[in-house]
Amino acid sequence: MTGRVIEIVERKRDGAKLSPEEIDRIVLGFTKGEVPDHQMAAFLMAVVWRGMDDEETAWLTDSMVRSGKRLDLSRYGRVVDKHSTGGIGDKVTLVVAPLVAACGAPVAKMSGRGLGITGGTLDKLESFRGYRVDLTTKELMAQLGRIGIVVTGQTAELAPADGLMYALRDATGTVPSIPLIASSIMSKKIAAGAHAVVLDVKVGAGAFMRTVREARTLARLMVAIGEAHGLDVTAELTAMDAPLGNAVGNSLEVAEAIATLRGSGPDDLREVVLSAGAEMLYLARRARTRAAGRAMLERAIADGSGLAKLRQLVASQGGDARMVDDPGRLPRAKRVHTLAAVRTAYVARLDASVVGLASVRLGAGREKKGDPIDHATGVVLRAKVGDRVAKGEPYAEVHANGRTGDAEAIEMVQRAFTWGRAAVAPPKLVLGRIASA
Ligand code: URA
């Protein structure tokens with residue numbers, strides 16, 4: 001007995017545990033257009049407040065997977081995927097996916113767009129003029145077979161319930177909920193057909209998960225859901241109090257990713273890439289140990305094969321691959337405002353969320369789904385936590401294109417920095433790992 005949809009909503013509102021049939025009724029009904037937005041929105045808000053236990057979350061994920069197709073990629077070998085819960089300056093996919101593919105593990109990755117203060121891989125990739133993010137399933141499979149890597153948008157056939165629910169969550173304040181985030185991410189990963197997934201669960205001021213405790217709960221849940229669907233999953237908890245790397249903003253981040261593939265990127269980005277990449281190679285059974293995987297990735301940076309794989313990926317998806325060799329061709333902002341230190345001091349704190357907000361003001365991110373973005377604008381941090389900046393030296397650049405929000409963005413970047421008199425140690429980056437295998 002599944003009851004009427006209104007009864008299911010009321011039961012969750014009152015804190016009851018729902019059955020798999022009730023969850024199917026609401027999720028599959030919503031996907032078919034039988035359950036209206038207002039009822040789904042009320043249901044989502046009830047989940048935000050009342051939560052779901054692990055079993056219900058697994059059933060919810062399962063319904064979302066069954067709302068569409070599940071790809072079978074077995075003919076390509078052990079395919080590996082990665083997913084980040086979203087952060088500021090997070091361009092890890094742009095570096096790690098080509099490196100791992102260059103080491104022989106097929107990578108099929110369906111990415112998303114940036115929303116609010118967190119950037120999205122698809123927007124970054126579209127900095128390459130012409131890059132297509134709308135491959136069909138047939139094109140995706142053909143490219144995976146041909147070059148061993150694909151990074152595209154989610155097709156409408158895969159977990160369509162997630163796309164529809166996410167749009168509603170975004171408009172109704174119902175994004176921050178562990179069961180909703182876990183089912184959203186894992187339904188996409190399961191439907192997309194990879195055999196192994198590395199999840200980068202961001203923790204800190206610039207992430208959905210503000211504490212290690214919350215992040216661990218989300219990570220454990222996602223690992224268990226993946227495992228129940230036959231996937232090998234590892235979740236890494238990584239710090240997101242300060243932005244990752246120095247660049248925030250689409251083409252600025254692409255340029256930094258290219259520099260990292262050339263061996264000259266920032267240390268924090270390189271560290272998160274090597275950690276996630278080693279895990280991907282280990283789960284894909286291309287490396288016997290994580291240490292061996294790390295060594296393979298370091299070789300793929302040193303011999304240029306990772307960069308060559310990015311060039312191949314961009315060209316194959318219709319992008320201007322000349323931009324990989326000459327990042328000067330990427331979109332560039334009209335003005336660069338340099339911020340200089342008013343006195344000699346150490347960077348004590350750098351608030352990722354404020355830098356993220358500044359980048360949205362500059363046009364690099366979107367306030368709401370569907371807003372256009374400016375690929376050229378953003379922020380480059382010339383100093384990070386622990387660095388000493390002498391009076392008059394630059395600590396940040398603001399790349400702007402003459403919007404009304406530019407002055408406010410500059411003020412925000414200034415405010416994102418907290419200065420101190422004494423040196424502080426740079427923060428730890430990898431805060432924990434939870435693995436199914
Ligand atoms: N990323 C997703 O794909 N879904 C969420 O709900 C949150 C982050």
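The values are calculated or read from the model by the stated rules, or taken from the named source; none is laboratory data. All values reported here derive from a predicted model rather than from experimental measurement. Every residue, glycine as well, gets a Cβ built from its backbone with ideal geometry; the counts of neighbours run over all protein chains shown. These accessible areas exclude ligands, DNA and RNA; they are computed on the full protein's heavy atoms, side chains included. Shrake-Rupley method; radii C 1.70, N 1.55, O 1.52, S 1.80 Å.
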Using beta carbons and a limit of 7 Å, which pairs, at least six apart or on different chains, have the first residue in the range 161-172 and farther than 15 Å from Met186 by Cβ and the second one near the ligand (Cβ under 9 Å from one of its atoms) and open to solvent by less than 60 Å² (accessible area, probe 1.4 Å)?
Arg169/Val175; Arg169/Leu180; Asp170/Leu115
Would you point out the residue of the range 54-85, among those that are open to solvent by 50 Å² or more (accessible area, probe 1.4 Å), within 25 Å of the chain's Cα centre (by Cα) and of a type in the set (D, E, K, R), that is nearest to Met222 (Cα to Cα)?
Asp54
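In this structure, is Arg322 among the basic types (Lys, Arg), free of Cβ contacts under 8 Å to residues at least 12 places away in the same chain and surrounded by 13 or more Cβ atoms within 10 Å (Cβ to Cβ)?
Values: among the basic types (Lys, Arg): yes; free of Cβ contacts under 8 Å to residues at least 12 places away in the same chain: yes; surrounded by 13 or more Cβ atoms within 10 Å (Cβ to Cβ): yes.
Yes.
Can you pull out the helices (runs of 4 or more DSSP H) entirely within the range 53-141 that have at least 2 residues that are more than 16 Å from the ligand (Cβ to nearest atom)? Show your work before the answer.
Working: elements: 54-66, 92-102, 121-125.
Those helices (runs of 4 or more DSSP H) span 54-66, 92-102.
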Identify the single condition in (1) assigned to a loop (DSSP other than H, G, I, E, B); (2) away from the ligand (no atom under 16 Å from the Cβ); (3) surrounded by fewer than 21 Cβ atoms within 10 Å (Cβ to Cβ); (4) under 17 Å from the mean Cα position of the chain (by Cα) that Pro176 does not satisfy, given that it satisfies every other one.
(2)
(1) over 15 Å from the mean Cα position of the chain (by Cα); (2) surrounded by 23 or more Cβ atoms within 10 Å (Cβ to Cβ): which one isn't true of Ala257, the others all being true?
(1)
Quick check on the range 398-437: of everything there that is under 25 Å from Asp267 (Cα atoms) and of a type in the set (S, T, N, Q), which residue is most open to solvent (accessible area, probe 1.4 Å)?
Gln414
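Select from the range 332-359 the residues that are surrounded by fewer than 18 Cβ atoms within 10 Å (Cβ to Cβ) and in contact with a helix residue (DSSP H, G or I) (Cβ under 9 Å, 6 or more places away or on another chain) and write down the one among them that is nearest to Ala255 (Cα to Cα).
The initial filter retains those residues of the range 332-359 that are surrounded by fewer than 18 Cβ atoms within 10 Å (Cβ to Cβ), namely 332, 334-338, 340, 342-344, 346, 348-349.
Restricting the remaining residues to those that are in contact with a helix residue (DSSP H, G or I) (Cβ under 9 Å, 6 or more places away or on another chain) gives 332, 335, 337, 349.
Numbers: Arg332: 11, Arg335: 17, His337: 19, Arg349: 25 Å.
Filtering the range 332-359 for residues that are surrounded by fewer than 18 Cβ atoms within 10 Å (Cβ to Cβ) and in contact with a helix residue (DSSP H, G or I) (Cβ under 9 Å, 6 or more places away or on another chain), the one nearest to Ala255 (Cα to Cα) comes out as Arg332.
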Taking only the range 179-216 into account, find how many residues are part of a loop (DSSP other than H, G, I, E, B), over 25 Å from Lys368 (Cβ atoms) and within 12 Å of the ligand (Cβ to nearest atom).
1
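Considering the range 108-137 alone, what residues qualify as being over 30 Å from Ala205 (Cβ atoms) and more than 15 Å from the chain's Cα centre (by Cα)?
Initially, the range 108-137 is screened for residues over 30 Å from Ala205 (Cβ atoms), giving 108, 128-132, 134-137.
The answer is Phe128, Arg129, Gly130, Tyr131, Arg132, Asp134, Leu135, Thr136, Thr137.
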